[in-house]
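Novice: Below is the structure I would like to discuss, written out as structure tokens.
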Amino acid sequence: MSESPQDPFGFFKQFLNPGATPNPFLPPLTEEEIDRKIVEMRTIEQWLSMQVGMLQMTVKTLEMQKAGLQAFKKGIDPKPDTP
């Protein structure tokens, strides 16, 4: 925190000091940091895309299982459509 208990904004001043320790609230300042962040975000994007594909495949599989079960039940116990 702040050195002086008399300064209520001392904690916030450290976030505005560009020479202070790396701050997660401020964007990266160097080209290397920006490049590293871009690579990280691309990796996360690819992972999320893969997860969405797996989720879609799981939903389609469940829909096919449901349709198969309904067809199987219809084959065992055929009910007339009209009473």
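The values are calculated or read from the model by the stated rules, or taken from the named source; none is laboratory data. Small disclaimer: the values here were computed from a predicted structure and weren't measured. When we count neighbours, we look across all protein chains shown, and the Cβ atoms used for this are built from the backbone with ideal geometry, even at glycine. Heavy atoms of the whole protein, side chains included, go into the accessibility calculation; ligands, DNA and RNA do not. Shrake-Rupley method; radii C 1.70, N 1.55, O 1.52, S 1.80 Å.
Novice: Under a crude label model (7 Å from the Cα following the beta-carbon direction), how far is Leu29 from Thr58 in nanometres?
Specialist: The answer from the label model is 4.3 nm.
Novice: Now a separate question. Calculate one ³J(HN,Hα) per residue across region 45-55 by plugging θ = phi - 60° into the Karplus curve 6.51 cos²θ - 1.76 cosθ + 1.60, and present them in order as whole Hz with x for glycine and proline.
Specialist: Coupling constants for region 45-55: 4, 5, 5, 5, 4, 5, 5, 5, x, 5, 5 Hz.
Novice: Further question: How much of Lys66 can a 1.4 Å solvent probe reach, expressed as accessible area in Å² and rounded to 10?
Specialist: Rounded to the nearest 10, that gives 130 Å².
Novice: Another one. Once the other residues with Cβ under 14 Å from the Cβ of Thr30 are scored (Lys, Arg +1; Asp, Glu -1), what is the net sum?
Specialist: -2
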